[in-house]
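Colleague: To start, I am sharing the structure in question, which I have written as structure tokens.
The values are calculated or read from the model by the stated rules, or taken from the named source; none is laboratory data. None of these values were measured; they are calculated from a predicted model. Every residue, glycine as well, gets a Cβ built from its backbone with ideal geometry; the counts of neighbours run over all protein chains shown. For the accessible areas, the whole protein counts, side chains as well, though only heavy atoms, and no ligand, DNA or RNA atoms are used. Shrake-Rupley method; radii C 1.70, N 1.55, O 1.52, S 1.80 Å.
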Amino acid sequence: MIDQFVDDGELRWDDPFQVAEDTYLVLEPLSMAFNHSCGPNLGVRAKGELFALRDIEIGEELTYDYSTVVGVGNDAWSMKCNCASPKCRRAIGSWLSLPTLVRGRYLAVGAFPDYI
């Protein structure tokens, strides 16, 4: 089904949100507006639940680390990063592409979905 949205030009391959090893959600426009940051203020846990990693200022952009939702079976996927965070890694890949210290921080606060 997602293939058809991509073929019709309604979605890009990286738009659907992975919530299980082989299950993806087609998000509504507001949720698709959440951007990536290598220094995010949101984490993703359980079956795609977003939660605050820290206090978020009024008007602050909501961001999460895309690498935390790209499962190990998608190791070939990557994209360039220009998030402008002081922690910017310059590239986004799968969960396994995260530096060990970053992955450890996410694990410590439970910021990874069930399928990871």
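Colleague: Distance in nm between label sites at Trp77 and Arg90, each 7 Å beyond Cα in the beta-carbon direction?
Modeller: Going by the 7 Å Cα→Cβ label model, 2.4 nm.
Colleague: For Phe51 and Leu101, compute 0.36 nm times the residue count separating them, minus their Cα-Cα distance, and round to one decimal in nm.
Modeller: 16.0 nm
Colleague: Also, quick follow-up: Could you report region 41-116's accessible area per residue, 1.4 Å probe, as an integer in Å²? Write out the running numbers ahead of the final one.
Modeller: Numbers: 4520 Å² over 76 residues.
Solvent-accessible surface per residue comes out at 60 Å².
Colleague: In terms of modelled amide H atoms, which long-range or inter-chain residues lie less than 5 Å from the amide H of Ser37?
Modeller: Hits under the 5 Å cutoff: Tyr64, Asp65, Tyr66.
Colleague: Quick check: with the 1.4 Å probe, what order do Glu49, Glu57 take by accessible area, largest first?
Modeller: On the way: Glu49 85, Glu57 125 Å².
The ordering from most to least exposed comes out as Glu57, Glu49.
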